[in-house]
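A short worksheet on the structure shown next.
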Amino acid sequence: MSKIMFDYTKSILERVSFDPVLFCKELEKAIKTLLPYELEQLKEWLTSFIIEKPELQPSLMIVNI
């Protein structure tokens, strides 16, 4: 079940990546929902995802990377 939630979270974040404010809000929701090991996976994914989208750089502060 948790793999499904993690994949769902990634898909939501990808869909809202056009708006940095909305992206940060969804990221905050994901942090509250995901399990600790899933958060580590999310941090890794986020680091690679925002390389192409520099406007999302502030979102790293939310996950404390």
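Brief remarks on what is shown
- Comparing 48, 17, 36 along the charge dipole axis of the chain, the residue lying farthest to the positive side is 36, per the Cβ-charge model.
- Inter-probe distance in nm under a simple model that places probes 7 Å from Cα toward Cβ, at residue 4 and residue 45: 1.5
- C-alpha long axis of helix 20-33 to longest principal axis of the chain, angle in °: 20
- For the chain, the Cβ-based charge dipole about the Cα centre amounts to some 160 debye (Lys, Arg positive; Asp, Glu negative; other atoms uncharged).
- Across the chain, the fraction of Cα-Cα pairs farther apart than 17 Å, rounded to a whole number, is 30%.
Just so you know, all these numbers are worked out from the coordinates, no wet-lab data involved. Keep in mind that what you see is a predicted model, and the values were worked out from it rather than measured. Positions of Cβ are backbone-derived with ideal geometry, glycine not excepted, and every protein chain shown enters the neighbour counts.
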